[in-house]
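**Student:** Structure provided below as structure tokens; questions to follow.
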Amino acid sequence: MLPVMTVGEPVVMQVYCRVEVVVDDPVAVAELAVQRLRDAGIDWSREQDTVEDAAAELRGDLAQALASVVDPERMLADVPGVEVRRGRWWAERGGPSARFAPGFAAAG
């Protein structure tokens, strides 16, 4: 039985999600990540790295580049009354992590 809900009472929820993707063009992913980094409006004079250092890091690390272009706000953008407040996400190469394996069958 669902609890009684009234309009106007915000409810904090956690959404857990695992998505398997196949990257056919790692260079395109890295370049999109670099472009978004350049467009982010970061004041690089206040950072330890330069934009070129950060871009090189993205180009050399597909998992980091892919994670940097993930946009969790878009996942729920069309859901009325829902606001994504914060999140944590990352990308890993290879098969699913054991902590996300329950309920998923191996791809075949």
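We did not get these values from a lab; they are worked out from the coordinates using the rules stated. None of these values were measured; they are calculated from a predicted model. When we count neighbours, we look across all protein chains shown, and the Cβ atoms used for this are built from the backbone with ideal geometry, even at glycine.
**Student:** Work out, step by step, the length gained on full extension between ARG18 and ARG85: first 0.36 nm times the residue separation, then minus their alpha carbon distance; give nm to one decimal.
**Tutor:** Gain on stretching ARG18 to ARG85: 22.2 nm.
**Student:** Further, regarding this structure: What is the spin-label model distance, in nm, from ALA63 to ALA40 if the labels are put 7 Å beyond Cα along the C-beta direction?
**Tutor:** It is 1.8 nm.
**Student:** A further question follows. Quick one: dipole size for segment 43-93, taken about the Cα centre, charges +1 on Lys/Arg Cβ and -1 on Asp/Glu Cβ, in debye to the nearest 20.
**Tutor:** 280 debye
**Student:** For segment 17-108, how big is Rg over Rh, using alpha carbon atoms and the Kirkwood form of Rh?
**Tutor:** Taking Rh as the inverse mean 1/r over Cα pairs, Rg/Rh reads 1.02.
**Student:** Which GluC sites (Glu not before Pro) from segment 1-88 combine a DSSP loop assignment with at most 13 other Cβ atoms within 10 Å?
**Tutor:** GLU20, GLU47, GLU83
**Student:** Give me the dipole magnitude in Debye, nearest 20, for segment 5-80 about the Cα centre, with unit charges on the beta carbon: positive for Lys and Arg, negative for Asp and Glu.
**Tutor:** The dipole of segment 5-80 has a size of about 180 debye.
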